[in-house]
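Beneath this line is the structure, given in structure tokens, with notes to follow.
The numbers here are math on the coordinates, done by the rules we state, and not lab data. The structure presented is a predicted model; accordingly, all values stated were derived computationally and were not measured. Cβ atoms come from the backbone with ideal geometry, glycine included; neighbour counts cover every protein chain shown.
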Amino acid sequence: MREAGYAFAVVAPEVEEAHDPALTCEALTMENARRKAVAGALLRPDALVIGADTLVYVDQHPLGKPADLAEARDMLRRLSGRRHQVCTGVALATEAGARVDTFAVITDVTFKSIDKGAIYRYLDLVHVFDKAGGYAVQEHGHLIVERVEGSMSNVIGLPMETLADWLARNPDTSAQD
């Protein structure tokens with residue numbers, strides 16, 4: 001956001017995330033983003049609060065953040081040589097959470113075929129425990145990612161193009177300098 005010229009402060013409220021397999025990727029990530037934004041808006045009632053939640057989906061199955069290295073290796077093996085989706089839900093809360101707008105962005109990502117050695121090398125370089133799908137495209141992504149179709153910023157975790165459009169359409173809530 002700073003690179004796009006927005007002034008902001010980070011608020012990290014404690015939020016219990018939903019884990020409902022019956023929800024679509026868009027619905028699940030938007031619900032978790034809404035929970036984060038509303039909780040943040042209660043802490044900063046006079047501010048526009050943006051919450052985001054990103055999940056990686058392969059075969060319509062969500063891959064969250066790996067709990068340990070074994071799970072991270074399993075996720076990367078599962079993604080190897082395959083196309084998957086990265087879905088980020090975004091919620092924008094104002095008026096202490098009384099008003100909340102949401103949207104979701106999906107980007108297709110194709111992994112290179114990566115063997116066990118490449119997986120171990122990648123995991124030696126990148127801390128992945130806080131990364132959906134067990135990877136970070138912005139950190140040595142060239143080692144594992146073949147192609148990104150759509151928003152790169154979405155894969156990183158915040159679809160700036162769509163967010164900037166929303167902020168431009170809602171100038172009374174914008175935090176731009």
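Gain in length, Leu42 to Gln138, computed as 0.36 nm per residue apart minus the alpha-carbon separation, to one decimal in nm? All intermediate terms of the calculation are to be shown ahead of the outcome.
Values: separation 96, 0.36 × 96 = 34.56 nm, distance 3.17 nm.
Difference between extended and current length: 31.4 nm.
Count neighbours as other Cβ atoms within 10 Å of each site's Cβ, and list the chymotrypsin sites (Phe, Trp or Tyr not before Pro) in the range 1-81 that are DSSP loop with at most 14 such neighbours. Walk me through the numbers before you get to the answer.
Values: sites: Tyr6, Phe8, Tyr57; in loops: Phe8.
Sites meeting the loop and neighbour criteria: Phe8.
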Students often forget the sequence filter, so: which aspartates and glutamates lie under 13 Å Cα-Cα from Lys116 once same-chain residues fewer than 8 apart are removed?
Asp74, Asp124
For the range 25-95, just say rounded, prolate or oblate: build the C-alpha gyration tensor, square-root its eigenvalues into a ≥ b ≥ c, call rounded for a/c under 1.5, and beyond that prolate if a/b exceeds b/c, oblate if not.
prolate
Full extension between Arg82 and Glu161 adds, at 0.36 nm per residue less the Cα distance, a length in nm of 25.9 nm
Treat the count of other C-beta atoms within 10 Å as a stand-in for reagent exposure and order Cys87, Cys25 from fewest to most.
Cys25, Cys87
Set the Förster distance to 30 Å, then compute FRET efficiency between Asp101 and Asp124 from the Cβ-Cβ distance, nearest 0.05.
0.15
Sort 61-74, 29-42, 122-135 by packing, meaning the average of other beta carbons within 10 Å per residue, with the highest value first.
29-42, 122-135, 61-74
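Would you please calculate the Kirkwood hydrodynamic radius of the range 89-177 over all C-alpha pairs and express it in Å, rounded to one decimal? Write down the numbers at each step before the final one.
Details: mean 1/r = 0.0657 Å⁻¹.
Averaging 1/r across every pair of different Cα atoms and inverting gives 15.2 Å.
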With only alpha-carbon atoms in the gyration tensor, what are the semi-axes of the equivalent ellipsoid for the chain, in Å, largest first?
30, 17, 14
